[in-house]
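To start, the structure itself, in structure tokens.
None of the figures in this text is laboratory data; all of them are computed from the coordinates on show. Only a predicted model underlies this, so the values are computations on that prediction, with no experimental measurement involved. Every residue, glycine among them, receives a Cβ derived from its backbone with ideal geometry; neighbour counts consider all protein chains shown.
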Amino acid sequence: AVEKPTPILRNLPLTFLIAANLMPVAGVMLWGWSVFEIVALYWFENVVIGAVNILKLLTCNGDLRDPDELRRDKGLPAYLHTPSAPAMVRHGAKIFLIPFFSFHYGMFCFVHGIFVFGMLGGKDKETMEGGPLSGMSVMISSIYESGGSWFVIAIIASHLVSFGWNFIGKGEYRRATASDVMKAPYGRIVVLHITIIFGAFVITALGSPVFLLLVLIVGKIALDAKLHLRSHRKLSELPPDPIAR
């Protein structure tokens, strides 16, 4: 009898995600990372998510499917079906959607980064001398030099593995439309980072004990894993395009 693959092999991207998110544990224990350094690196992950999402926009072709079939797959009743543009027109709209997403998501990450720096990392007067942007650059350089580069490498690898394994390998690109892909990162990031920032404020108020920093990291891993599984479950429930069947 053929042995079934282990849970790790069945969900390699989730394993990479958990492993990458364990890197801040080493940062806290070996390099003395503060709550700001941890949250700043989690902010950088948003940039990685946006870059990978552009790859998804480039490769998705759910727009080539019949719109009535897509609506039936999503459970919409017939009276909500509206006339749609030809398939190639919908698919070609990515020429405009990709620059729009890049600008809009880039501004979202920029404002988020300024907020994180101003609320959690702006207490050092030396970093604030050149203004928020200069101070933010100084703090990011400091984090990078104190081991943060390892987290950056790990988190990039994690999201690229997920892209290759789930989006390409499992055919999610055949089910996903450009509009759905463009909206996907926001829900996950907003839920995740509201939780993280709230926890960071509490930890800062309590003096940033190591135990609570580790609790923040574990909580982020658990929530991130849950949101990761939910996002891929939604796409897996839709059948692929008729041409690929």
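Numbers below:
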| quantity | calculated |
| --- | --- |
| Long-range HN-HN contacts of Trp33 with modeled amide H, under 5 Å | Val28 |
| Unsatisfied cross-links (Cα-Cα over 18 Å) in the set Lys170/Lys220; Lys56/Lys170; Lys94/Lys226 | Lys170/Lys220; Lys94/Lys226 |
| For Ala222, net neighbour charge (Lys/Arg +1, Asp/Glu -1) across residues whose Cβ lies under 15 Å away | +3 |
